[in-house]
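What follows is one structure encoded as structure tokens, with my remarks underneath.
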Amino acid sequence: MKIQIPDYIQVLIDLLNQNHYSAYVVGGAIRNALLGLPIHDYDLTTDATPDEMLKVFSSYRLFKTGIQHGTITVLSKGQPVEITTFRSENTYEDHRHPSGVSFSDNIEEDCKRRDFTINALCYNKREGLIDFFGGIEDLHHQIIRCIGNASERIDEDALRILRALRFAGRLSFTIEENTATEIHKQKDLLHYISEERIHNEWVGILETNALSSILTEYSDVIQVFIPELKEYIIQESLTSINQSPLNANIRMAILLKDISNSKEILERLKYSGAEQTVILSCIRNSEYKLSSKIELKQFLSTLNIPFDTYHQYRTAINPNYQRENIHAYYQEIQNMHEPYQLRDLAINGNTVKELGYHGKDIRDILQRCLDAVIEKPENNTIEYLINMIKRTS
Ligand code: ATP
Ligand code: MG
């Protein structure tokens, strides 16, 4: 089996080989190559120690963050590439962190400490594909399986629970029976994982194709970190979630829409301010009445997230939402540059000030002007609005 390795990676392998070290592409890149999926990054693994790598790559720009774990990042033809020294299994502390890092000169040992069989495939041009743990067969049968003893592997690093769900969801694979049993059995170990890590994996899970089957089969696991997501809430969300591919924020909004403390949940899971704004704006406007172009403009004047995001959310949650109509109105508003925000007005605060108004009055008057031009866009001219202010104040 031949795998296409890009030049900027091959030159690094060649240089290590010329210096009598071995090197392989490992992990996600090989998995995805065999599945015919896009490859976002190539990780290399080598028997050269970090100090030896620094010598081999002395003429390259490199970054040493991660060096205590054996990883250096080399800039190859402008692309950052992580190269990690083979590591061996270690004992783990607190169900997440290895007690220390031991380097190894043995590729099999390095593969053995990896999480799933499909993530422990290695490849280089000289030796071809290396598969110590049946990863190719599992890829073939579409199975996520822990390397070694599932009970121990999950106990030592509980993050693997969420990684298994994420890969199963993304690839539409099944989690092998033993691994699945241990995931259910040891789910409470997720309490040892930091909220930041949970957040990252959870967002990854939310983005996966097979999210509904993950939510259905592993609801007990998800309830460990979002206990508010009761069974019936998950069940009721499934139809909406299954609509066309939706991003993680929209899917989270769908899941939380009927839960009163959604903000608290987002805070707890370390959602950023920007993510919270998107999710909460969708939820808060779930029922906004939108049946005319004027209503849409009034709504847009208060909406603080991209309309497209809201539109996708609303389409997903509400079968009665007039998707086509609303979108046509939106297009028309955009095409005709119809005003719906204060900054679209032909006048601004200074204009109103010059007419003799101060403070809060200015804002109120501008708002009245906006309401007027939302109804009749053709009135958005300096003359009309000044006349209107003089007339009605
Ligand atoms: P992705 O496409 O999501 O990047 P990936 O397989 O490259 O998939 P990474 O999280 O980038 O996943 O990790 C790279 C490799 O490191 C994995 O393929 C796996 O071999 C190993 N790995 C990562 N996290 C763990 C873990 N918690 N336990 C064991 N091995 C792990
Ligand atoms: Mg990766």
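Compactness ratio of the range 196-249: Cα Rg over 2.2 N^0.38 Å, N = residue count? Each step should come with its number before you reach the end.
Numbers: Rg = 10.7 Å, N = 54, 2.2 N^0.38 = 10.0 Å.
Compactness ratio reported: 1.07.
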Between the range 230-302 and the range 119-165, what's the alpha-carbon centroid distance in Å? 36
With x for Gly and Pro, the residue-by-residue ³J(HN,Hα) of the range 75-81, computed from phi through the Karplus equation 6.51 cos²θ - 1.76 cosθ + 1.60 at θ = phi - 60° and given in whole Hz, is 8, 10, 6, x, 9, x, 10
Cross-link reach list, lysines versus Lys376, counting only Cα pairs under 28 Å and skipping chain neighbours closer than eight places: Lys289, Lys293, Lys297, Lys353, Lys360, Lys390
When the chain is treated as a GNM, springs tying every alpha-carbon pair under 10 Å, which of Glu354, Glu152, Glu127 comes out with the largest mean-square fluctuation? Glu354
Tail fraction, Cα-Cα pairs, the range 1-106, threshold 25 Å, whole percent: 23
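Would you mind checking Lys2/Lys64; Lys185/Lys230; Lys64/Lys125; Lys55/Lys112; Lys187/Lys263; Lys185/Lys257 for any pair whose Cα atoms are more than 21 angstrom apart?
Values: Lys2/Lys64 32 Å; Lys185/Lys230 19 Å; Lys64/Lys125 27 Å; Lys55/Lys112 28 Å; Lys187/Lys263 24 Å; Lys185/Lys257 29 Å.
Where the Cα-Cα span goes over 21 Å, the pairs concerned are Lys2/Lys64; Lys64/Lys125; Lys55/Lys112; Lys187/Lys263; Lys185/Lys257.
Using only the Cα atoms of the range 142-225, build the gyration tensor, take square roots of its eigenvalues as a ≥ b ≥ c, and label the shape rounded, prolate or oblate: rounded if a/c is under 1.5, else prolate if a/b is larger than b/c, else oblate. Spell out each step's value before the answer.
Details: a/c = 1.57, a/b = 1.05, b/c = 1.49.
Here the range 142-225 falls in the oblate category.
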If a helix is a whole DSSP H run, which ones in the chain reach 30 Å or further along their own axis (Cα) and hold a mean Kyte-Doolittle hydropathy of at least 1.0? none
Relative contact order (percent, whole number), the chain, Cα cutoff 8 Å, 6+ residue spacing: 9
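Leaving out ligands and nucleic acids, and using a 1.4 Å probe, what accessible area per residue does the chain come to in Å²? Mind showing how you got there, number by number?
Numbers: 19470 Å² over 393 residues.
With all protein chains present, the chain gives 50 Å² per residue.
Determine the equivalent ellipsoid of the range 224-383 by diagonalising the alpha-carbon gyration tensor, then write out the semi-axes as square roots of 5 times the eigenvalues, largest first, rounded to whole Å. Before the final figure, lay out the partial values.
On the way: eigenvalues 262, 76, 24 Å².
Output for the range 224-383: semi-axes of 36, 19, 11 Å.
Output the Kirkwood hydrodynamic radius of the chain, Cα pairs only, in Å rounded to one decimal.
Mean inverse Cα-Cα distance, inverted, gives 24.9 Å.
The values are calculated or read from the model by the stated rules, or taken from the named source; none is laboratory data. If you're wondering where the values come from, they're calculated on a predicted model, not measured in any experiment. The area values use the complete protein model at the heavy-atom level, side chains included, leaving out ligands, DNA and RNA. Shrake-Rupley method; radii C 1.70, N 1.55, O 1.52, S 1.80 Å.
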